[in-house]
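What follows is a short report on a single structure.
The values are calculated or read from the model by the stated rules, or taken from the named source; none is laboratory data. Not measured: the values here are computed from a predicted model. Backbone-built Cβ (ideal geometry, glycine too); neighbour counts: all protein chains shown.
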Amino acid sequence: MPSQLKKRCSFRGCPNTTRKRYCDEHVPIARRYFDVRRGTTKQRGYDSDWERVAEQRRELDCYLCQHCLEEGIVRASNLVDHIIPTHIRSDWRLVIDNTQVLCRDCHTRKTSQDMQQYGGPNNRNLTPAQQQNRAAALRIERPRRC
């Protein structure tokens, strides 16, 4: 596969070129900036109760990515995802049936799909389709595993 073309670093005023978003010099600075804005794990709702539920899900899914398994691929992972995002159904944050183990690639892909389907947690300008999807998710009585 051919290499991706180099482009300018996204850090304001940086003349360096890179194949990624930021050059090697600015990756740590950008990461710190986004981590500060993101909040601590506790502020984002990942407390000891969540750790207990996540560990149960890992054991139930045998530490295997569920999306990869559907494709016939066996890939181990520790990452536990909410099937319906917590910013849509915060009442299902600790419901085991609303969780699944995903590898990093599948989690990134699913998060992107969730953002398109439901909009982000701080998104105030939702499309009509996103508003309908959120309303439909709120009408579901019980979480169902995919």
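Six or more apart or on different chains, Cβ under 6 Å: which pairs go from a residue in segment 114-129 that's in a helix (DSSP H, G or I) to one that's surrounded by 12 or more Cβ atoms within 10 Å (Cβ to Cβ)? Could you list them?
Short answer, once both residue conditions are applied: Asp114/Pro85; Gln117/Asn133; Tyr118/Ile88; Tyr118/Gln130; Tyr118/Asn133; Tyr118/Arg134.
On the given criteria, is Asp105 in a helix (DSSP H, G or I), charged (D, E, K, R) and more than 23 Å from Arg37 (Cβ to Cβ)?
Taking the combined requirement at face value, the residue satisfies it.
Every residue in segment 8-19 that is without any contact (Cβ under 8 Å) to a residue 12 or more places away in the chain and in a strand (DSSP E or B), please.
If the condition is that a residue be without any contact (Cβ under 8 Å) to a residue 12 or more places away in the chain and in a strand (DSSP E or B), then Arg8, Thr17 are the ones that fit.
Out of Val95, Val80, report the one residue that is touching a residue at least 12 places away in the same chain (Cβ under 8 Å), closer than 27 Å to Arg139 by Cα, surrounded by 14 or more Cβ atoms within 10 Å (Cβ to Cβ) and within 17 Å of the chain's Cα centre (by Cα).
On the way: Val95 fails: within 17 Å of the chain's Cα centre (by Cα).
Just one listed residue meets the conditions, Val80.
Is it true that some residue in segment 75-90 is farther than 24 Å from Arg38 by Cα, modelled with pLDDT of 95 or more and in a loop (DSSP other than H, G, I, E, B)? Before you say what the answer is, go through the steps one by one.
Quick first cut of segment 75-90, residues farther than 24 Å from Arg38 by Cα only: 75-76.
Those left that are additionally modelled with pLDDT of 95 or more: 75-76.
Next, only the ones that are in a loop (DSSP other than H, G, I, E, B) stay: 75.
Within segment 75-90 (the criterion being farther than 24 Å from Arg38 by Cα, modelled with pLDDT of 95 or more and in a loop (DSSP other than H, G, I, E, B)), the answer is yes, since at least one residue qualifies.
Is at least one residue of segment 45-66 assigned to a helix (DSSP H, G or I), touching a helix residue (DSSP H, G or I) at 6+ places or on another chain (Cβ under 7 Å) and within 24 Å of Gln116 (Cα to Cα)?
Within segment 45-66, the subset assigned to a helix (DSSP H, G or I) is 48-60, 66.
So of that shortlist, the ones also touching a helix residue (DSSP H, G or I) at 6+ places or on another chain (Cβ under 7 Å) come out as 53, 56-57.
Restricting the remaining residues to those that are within 24 Å of Gln116 (Cα to Cα) gives none.
For segment 45-66, residues assigned to a helix (DSSP H, G or I), touching a helix residue (DSSP H, G or I) at 6+ places or on another chain (Cβ under 7 Å) and within 24 Å of Gln116 (Cα to Cα): absent.
Can you tell me which residues in segment 20-44 are more than 28 Å from Asp81 (Cβ to Cβ) and part of a loop (DSSP other than H, G, I, E, B)?
The first filter runs over segment 20-44 and keeps only residues more than 28 Å from Asp81 (Cβ to Cβ), leaving 23-26, 29.
Answer for segment 20-44, where residues must be more than 28 Å from Asp81 (Cβ to Cβ) and part of a loop (DSSP other than H, G, I, E, B): Cys23, Asp24, Glu25, His26.
Which one of these is surrounded by 10 or more Cβ atoms within 10 Å (Cβ to Cβ) and small (Gly, Ala, Ser): Gly72, Gly39? Before you say what the answer is, go through the steps one by one.
Working: Gly72 fails: surrounded by 10 or more Cβ atoms within 10 Å (Cβ to Cβ).
Of the residues listed, the single one that is surrounded by 10 or more Cβ atoms within 10 Å (Cβ to Cβ) and small (Gly, Ala, Ser) is Gly39.
Under 9 Å between Cβ atoms, which residue pairs at least 6 apart in sequence (or on different chains) link something in segment 131-144 that is on the phi > 0 side of the Ramachandran plot with a partner that is outside any helix (DSSP H, G or I)?
Filtered contacts from segment 131-144: no entries.
From (1) under 22 Å from Lys110 (Cα atoms); (2) at pLDDT 85 or above, pick out the condition that doesn't hold for Arg8.
So Arg8 meets the others, but not (1).
Tally the residues that are surrounded by fewer than 12 Cβ atoms within 10 Å (Cβ to Cβ) and of a type in the set (S, T, N, Q), restricting the search to segment 15-36.
Looking only at that region, the number is 1.
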